[in-house]
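Undergrad: Sharing a structure here in structure tokens format.
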Amino acid sequence: MQDLGNTQFFKVEPEESQNGVKIILDTVYHALTEKGYNPVNQIVGYIMSGDPTYITNHQGARSLIMKVERDELVEELLREYIKSSHWER
């Protein structure tokens, strides 16, 4: 049985691919917008379900987003949110 009294550490090593994740998210966002979808809803749907049909094929967005692990997408989105909210020390 797992010890629930201690905090688990989840450490993600910074990678050079962080820029790649940003570029992919940007491309996917614009492709969804161009096709008339709400990009936030569609990206969240993809992250939550893993179902790539939430992402349009327009501009190769679906195949691009599938190159990135969903936890990497969440990490990048959270990192940018924290940066924009000035939570960083």
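The values are calculated or read from the model by the stated rules, or taken from the named source; none is laboratory data. Quick caveat: nothing in here was measured; it's all calculated off a predicted structure. Neighbour counts run over all protein chains shown; Cβ positions are idealised from the backbone, glycine included. Please note that ligands, DNA and RNA were not included when accessible areas were found on the heavy atoms of the full protein model with its side chains. Shrake-Rupley method; radii C 1.70, N 1.55, O 1.52, S 1.80 Å.
Undergrad: Quick check: the angle from helix 18-34's long axis to the longest principal axis of the chain, C-alpha only, nearest 10 degrees?
TA: In the chain, helix 18-34 runs at an angle near 40 degrees to the longest axis.
Undergrad: Kindly report, to the nearest 10 Å², the accessible surface of residue 49 as traced by a 1.4 Å probe over protein heavy atoms only.
TA: 60 Å²
Undergrad: With every protein chain left in place and a probe of 1.4 Å, what is the accessible surface of residue 62, to the nearest 10 Å²?
TA: Roughly 60 Å² of residue 62 is accessible to a 1.4 Å probe.
Undergrad: Using only Cα atoms, tell me the angle between helix 39-49 and the longest principal axis of the chain; keep it within 0 to 90° and round to the nearest 10.
TA: 50 degrees
Undergrad: Hey, another quick one. Are there any GluC sites (Glu not before Pro) in the range 41-76 that are in a DSSP loop and have at most 16 other Cβ atoms within 10 Å? List them by number.
TA: 69
Undergrad: Another question about this same structure. Leaving ligands, DNA and RNA out of it, rank 48, 66 by accessible area with a 1.4 Å probe, largest first.
TA: Descending accessible area places them as 48, 66.
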